[in-house]
Amino acid sequence: MQKISKDMIISDLVQIDQNIIPILMREGMHCIGCQAESLEEAALVHGLDPDVLVARLNNFLGAE
């Protein structure tokens, strides 16, 4: 399983596993236009800690 990093582009994350979409939405990232941004950029725009978000996504994927 591929490990998520905060420099990955949102659209690439969705290609890894589309079930990431509901996780991002629960975190407050409802913007589909964010898909061209890195996970870190999008997290910061939405007032989220990118490191916490990366940990949650890797935990979901079992890639810790």
* Structure fact -> Of (1) at pLDDT 95 or above; (2) assigned to a loop (DSSP other than H, G, I, E, B), residue 58 satisfies every one except (2)
* Asked: Within the stretch 33-50, which residues are surrounded by 11 or more Cβ atoms within 10 Å (Cβ to Cβ) and outside any loop (DSSP other than H, G, I, E, B)?
  -> 34, 35, 38, 39, 40, 41, 42, 43, 44, 45, 50
* Structure fact -> Given the conditions (1) free of Cβ contacts under 8 Å to residues at least 24 places away in the same chain; (2) polar (S, T, N, Q); (3) open to solvent by less than 60 Å² (accessible area, probe 1.4 Å), every one holds for residue 58 apart from (1)
* Asked: Pairs under 9 Å by beta carbon, first residue free of Cβ contacts under 8 Å to residues at least 40 places away in the same chain in the stretch 40-54, partner basic (Lys, Arg) and open to solvent by 20 Å² or more (accessible area, probe 1.4 Å), six or more apart or different chains?
  -> 40/6; 41/6; 43/6
* To do: Find the residue count for the stretch 9-32, including only residues that are open to solvent by 70 Å² or more (accessible area, probe 1.4 Å), free of Cβ contacts under 8 Å to residues at least 40 places away in the same chain and outside any helix (DSSP H, G or I).
  => 2
* Leading residue by the ranking (modelled with the lowest pLDDT) among those in the stretch 26-55 that are more than 9 Å from the chain's Cα centre (by Cα) and among the β-branched types (Val, Ile, Thr) -> 32
* Looking at residue 63, is it of a type outside the set (Lys, Arg), in a helix (DSSP H, G or I) and modelled with pLDDT under 95? -> no
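The values are calculated or read from the model by the stated rules, or taken from the named source; none is laboratory data. This structure is a prediction, so every number in the text was calculated from the model and none was measured. Positions of Cβ are backbone-derived with ideal geometry, glycine not excepted, and every protein chain shown enters the neighbour counts. Quick note on the areas: whole protein, heavy atoms, side chains included, nothing else; ligands and nucleic acids left out. Shrake-Rupley method; radii C 1.70, N 1.55, O 1.52, S 1.80 Å.
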